[in-house]
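The next block holds one structure in the form of structure tokens; read it before the comments.
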């Protein structure tokens, strides 16, 4: 039983602890070290209040955005510098758990980190990001946040200074509409303009996903003003099913080309940006913010630009950006949108209309995946008026196969006249890729009429017969027709060919009618349709390229050139070498005096067929097994030689040191060149793929471990021979014979190597493989000079290793007949052309030479070292005569 005094002490301790805990929990957080005063910079935004207790529910919405401007100093931007293509700009506000209520209703004490990442690289290799520690107050009523703080920053004098700042943000109200659905604010320096820590203000915009967003403009009566010029029958457009509406739009960044009216001569009546801009934007992008599935409503960021890619790395401009909302009009299968301009921290001028639809039929001249229009409901005399602009998105990356979509061939009659089908009679019938196979898409290199490679491209089928080419699994939209893989001799096919120059193509280099400014278009796209002959591998098509002429002062309109002949000739699948080349051409059928005429282009692609790839994989598996078997046998043969010299130590001086050095180098060089595979991959956990095969890297490590064991055994044999040679009484004679054998071997190796390199153009590493094939040459010469009658080498050693060196040449002949040629370096694990001399001729000559050396060594060990030397060439030692006459 506890005494009263103990109980009293315990109660006092308990009360004291609770009081301390309450005091600590209610104390305000420590402020960051900053010279900025909250009352001086934020009192008019959110009044300063006294913190009371910790609040566990943070009411501040998440702010993550890449829409900000200004702040060039902290972003590291200089006028002549372009943003990095690999680093996206971003700004993120992350509140800390120190979140407190105050004595004022709806006002909270807040601590937060502000992270800013820049796409620019600092000339002095400074940081590309900065983090501010901020303190301030949040008003849940006015939805405003004001904070002060600082961040360390390297100065030009290699010193660290503090950047004192004030952050002012306005967040969307509760139940927001399009007018209050964005975050706006500014990050300003509290230092004077002459201070070293000053930077220009950084304006911030954010478009967050809001669960309580109210689509106030996308009402039921919205669709009434979307007809007239844009009235298209319903069956000409595809239907977006309600159950899949948002899934088809989410994650897709749409880029549209703007097609202005031909009579558009006045910029002030054509420019959607207003009169102040002296040029017309060429592209418009739609970036989805959020989507409402049940009601089929969307909210988008609408942005005008002059490039198609890298939008996130460009400077954000409020004047070029709009915010819009829309809804799907099922009666016309169209998406109708209202867009509003963004003024200074406010949404205004919601007079802009967009109408988008998905055409149900694609043709060679009209292959846009999405088409539409943008206009304003203002009159000609109103400020901000612009003429109706057509929109089209034809990027194959935006291709989604919807139910009811089909391709209509319109130029097949012309193609058949241009490319009549020819019957080819061949003794051996070749097999070519099927039109539905993945072999029908490939990359190409492009040569101009001078034969110079100046561009690369990609060739992608869009449709095969009545079916769309499935380059990847499509989104499940219900009953989508699957390709009918019937064996048809002639297939109608539709292709998209994209060509991108290696460099910025100057005016007149290729297509003289195009201005190849990077701001207009980064590549040429040709849509083609024609006939593919499965029996001959010939593909003939008529192509159309879209021309975009641009004039800063007058007009901007697009035309189409459909006088282009495109041909491809595929390599056979059953070609003896298993892999060949796909050859093609692009020709203009216009007269040379025609301004749209261009010189012929030749196309080339390596035919990496899927069937050949499967054979290559099986070949690599086989070669790894052969390498493992060969290395294991070498270990066994060297081990038997070690046993032999242990039982017969007197034969050690008769073994050639040069031969053993060559064998050592032959096993050491592969290990040295691939030491990373031995040490780095061993740290990886061996894995097994879905087919039950062990990871390739793990097998390579095993092979190299076995090779290292063989090397260690050979080095042990070399050590024994060296030791025995040093203690031999006839050391002088042995050394003399070794030197002669080594010099003659070296001379023969050098002459052979130089001859092969000069005539056959092989590498020095390949020639060392030839030296390794003739590893018995120094031993043969040493036997001659020593006239050795000892059986220095056991038969399994020199015959076995010789067989190990012979098998790759036989395998090379087999591989050339049964496997495709590999154009990828590092895929030969056995009989590697980089490690030995291989060709149909050398695969015969080298084995005969190796066999001859084996026969000679066998004869020398049976009948003496000079048994192969004719008697008249033998050198006898002179013995002085003894005179017995008295």
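The values are calculated or read from the model by the stated rules, or taken from the named source; none is laboratory data. Bear in mind that the values here come from a model prediction, so they are computed numbers and not experimental data. Backbone-built Cβ (ideal geometry, glycine too); neighbour counts: all protein chains shown.
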Handout entry: Residues (over 32 Å from the mean Cα position of the chain (by Cα) and at pLDDT 90 or above) located in the range 543-563
Key = 562, 563
Practice task
Hey, can you tell me all the residues within the range 175-220 that are within 16 Å of residue 90 (Cα to Cα) and in a strand (DSSP E or B)?
Solution key: 183, 184, 185, 186, 187, 202, 203, 204, 205, 206
Handout entry: Qualifying position, being part of a helix (DSSP H, G or I) and in contact (Cβ under 8 Å) with a residue 24 or more places away in the chain, among 608, 633, 598
Key = 633
Problem - Evaluation of residue 716 against (1) closer than 30 Å to residue 771 by Cα; (2) at pLDDT below 80 (one fails), failing number - result: (2)
Exercise for the section: For the range 240-253, indicate whether the set of residues that are surrounded by 15 or more Cβ atoms within 10 Å (Cβ to Cβ), at pLDDT 85 or above and closer than 26 Å to residue 88 by Cβ is non-empty. Expected result: yes
Practice task
Say whether the condition of being exposed (fewer than 12 other Cβ atoms within 10 Å of the Cβ), at pLDDT 85 or above and within 30 Å of residue 759 (Cβ to Cβ) is met by at least one residue in the range 853-863.
Solution key: yes
Exercise for the section: State whether one or more residues within the range 303-310 are more than 20 Å from residue 370 (Cα to Cα), surrounded by 19 or more Cβ atoms within 10 Å (Cβ to Cβ) and at pLDDT 90 or above. Expected result: no
